[in-house]
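The values are calculated or read from the model by the stated rules, or taken from the named source; none is laboratory data. These numbers were taken from a predicted model, which means no experiment stands behind them. Virtual Cβ from ideal backbone geometry, glycine too; neighbours counted across all protein chains shown. Note: areas computed on protein heavy atoms with side chains; ligands, DNA, RNA excluded. Shrake-Rupley method; radii C 1.70, N 1.55, O 1.52, S 1.80 Å.
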Amino acid sequence: MTQIEDSSLDCPELHGVLSPPQAIEGFRQQGQYAPQHWCILRHQEQDAGVLLLAPHPQTPCWELMYMGVLPAWRGQGLGRELVAEALRRTLSGGAERLLLSVDTRNHPARELYEQVGFSPYAWRSLYAWIAKEP
């Protein structure tokens, strides 16, 4: 599933900065490690996408931490299926809101989220300092 970020429009400048195990360890360290709320999307008997959700028990919110569809399966409505699954899990978990972050340049993702009822809540900038290899 490491190919999910291939051709992704979300923060392409950060592709490859963290390996999947490093990203998962980051979720664990932030207290947002909830693998019971994660799933792999299977399509035509193949892994096609992934969904990582995290409940925030101190609030009536869940967070869509990460969602992605492998490049070979994009454009077939699988992203919409993942969002629908995220909403089902959020509602069944008793939350009133599902929050997510998306790169403002990622027009296909923003369009998908808006089509299913999400609306912009806040605008933020992501800053990163990445040491260059000598």
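Could you order the peptides 41-50, 82-91 from most to least packed, using the average number of other C-beta atoms within 10 Å per residue?
In descending order of packing, they fall as 82-91, 41-50.
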Worksheet, complete the sentence: Result for region 45-134: accessible area per residue, probe 1.4 angstrom, in square angstrom, of 69 Å²
Discussion item. Taking R0 as 35 Å, what FRET efficiency do you get between Glu45 and Ser92 from their Cβ-Cβ distance, rounded to the nearest 0.05?
Written reply: 0.85
Worksheet item: For region 83-134, rounded, prolate or oblate, judged on the Cα gyration tensor with a ≥ b ≥ c (square roots of eigenvalues), a/c < 1.5 rounded, else prolate if a/b > b/c?
Response: prolate
